[in-house]
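Encoded as structure tokens, the structure appears first; notes follow it.
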Ligand SMILES: Nc1ccn([C@@H]2O[C@H](COP(=O)(O)OP(=O)(O)OP(=O)(O)O)[C@@H](O)[C@H]2O)c(=O)n1
Ligand SMILES: [Mg+2]
């Protein structure tokens, strides 16, 4: 059997980028031989094994043929006769279809029948062959590679193929988990806006995230949003989230923060009264459809509802500040509140001409929370109980003490 390094590790090494995980392809072996050598079989669908020591993935060379719609409709053919060349030609992009006869040190010559190295030099994402069609997840992969490698463009013929696949309904049968996985990776990449540009350009955004697609062509007031278009604003916000190294929950909250602006009645534009509540409702459906993890969902819900109040929080009284903190559940979940504030900063600075502006609301509300947290609620509860008070009366006393503490902090400013 021969073993070659393939895929992301070879690509990233040629790009001079850090290599995270290595994928290997094994030619001329049977599953039985692999098991006999101690490799551990994983995955039901594909002949993939884990190395007993390194735990890296070793896949038997295979060809794939589509048998149905969506991600699951595959027939995999793997046999010792399948050649490296055959395996490389069923892969998605030329830059991912380079093998090296390397040992683990990475030395060795490139096997690059589809000229992936040339496309790396030319900064092009190009499909290897029409076998690309056989896996619609690849549309999302191209989009997330565009976000990770922002100086790459999608080859016109690849974009055309992606358009045809979308028009054919190929993205309509994708499994929610796979869509979310690729979306999350794209959001965490260097320039998330590129992912959405590519998904829009091939029509996949309309199919997968119609609530997001709808933001394009919707105006906002030029005074607050010099970029005017709500879609243009969204892209600036997402790239700001990447610049501020925000975690996934914050980036997803950025993606979903203005969904309500896509359903503003035409006669209200460019104002968006009530977009927060409308947005939270749209977010709920989107998150259920894509099975978005609970932490991302919860952060996004608070951001959708409260971002306007947080932007305007400089004018709030102590009592209103405490109500805002309570609505954000900030006393119980301070880390999530920090995430909510970060998303709001991305929103504010993700506007044309505001990228370098300060966002004093974030430190200010962080300090307001600290003031509210300084109240010893258990001591107050114990005193109240001693006086025979219970339930809502205790809650009211604690809130009163928090308002007093926030008022004292406000006065010291
Ligand atoms: N839908 C897919 C998924 C994977 N691959 C091939 O399998 C390799 C390994 O896949 P994966 O680890 O998912 O992606 P990488 O390209 O290695 O990127 P990453 O750095 O994100 O791991 C890819 O390079 C590509 O050759 C493919 O052709 N089609
Ligand atoms: Mg990989």
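Filtered by the rule that a residue be touching a residue at least 12 places away in the same chain (Cβ under 8 Å) and not in a helix (DSSP H, G or I), region 223-256 gives 224, 225, 226, 227, 228, 229, 244, 246, 247.
Residues 65, 72: which one is touching a strand residue (DSSP E or B) at 6+ places or on another chain (Cβ under 6 Å), at negative phi and at pLDDT below 90?
Values: 72 fails: touching a strand residue (DSSP E or B) at 6+ places or on another chain (Cβ under 6 Å).
The match here is 65.
Looking for whichever is crowded, with 20+ Cβ neighbours inside 10 Å and within 25 Å of residue 339 (Cα to Cα) here; the options are 244, 205, 183. Which one fits? Full working, then the answer.
Numbers: 244 fails: crowded, with 20+ Cβ neighbours inside 10 Å; 205 fails: within 25 Å of residue 339 (Cα to Cα).
It is 183.
Starting from residues that are surrounded by 16 or more Cβ atoms within 10 Å (Cβ to Cβ) and in contact with a helix residue (DSSP H, G or I) (Cβ under 9 Å, 6 or more places away or on another chain), keep the ones in region 40-61 and report whichever is farthest from residue 91 (Cα to Cα). Residue satisfying both the conditions and the ranking: 49. Of all residues in region 262-273, one or more are modelled with pLDDT under 95 and within 22 Å of residue 291 (Cα to Cα).
Across region 1-11, the number of residues qualifying as more than 9 Å from ligand 1 (Cβ to nearest atom) and buried (at least 20 other Cβ atoms within 10 Å of the Cβ) comes to 2. Identification of helices (runs of 4 or more DSSP H) wholly contained in region 298-413 with 2 or more residues that are in the same structural domain as residue 255 (by TED's automatic domain parsing) yields 318-327, 334-349, 361-373.
Can you tell me which residue in region 12-31 is farthest from residue 96 (Cα to Cα), limited to those that are more than 9 Å from ligand 2 (Cβ to nearest atom) and surrounded by 20 or more Cβ atoms within 10 Å (Cβ to Cβ)? Applying the filter and picking the extreme gives 29.
The values are calculated or read from the model by the stated rules, or taken from the named source; none is laboratory data. Nothing here was measured: the structure is a model prediction, and the numbers come from that model. FYI the Cβ positions are ideal-geometry reconstructions off the backbone, even for glycines, and counts take in every protein chain you see.
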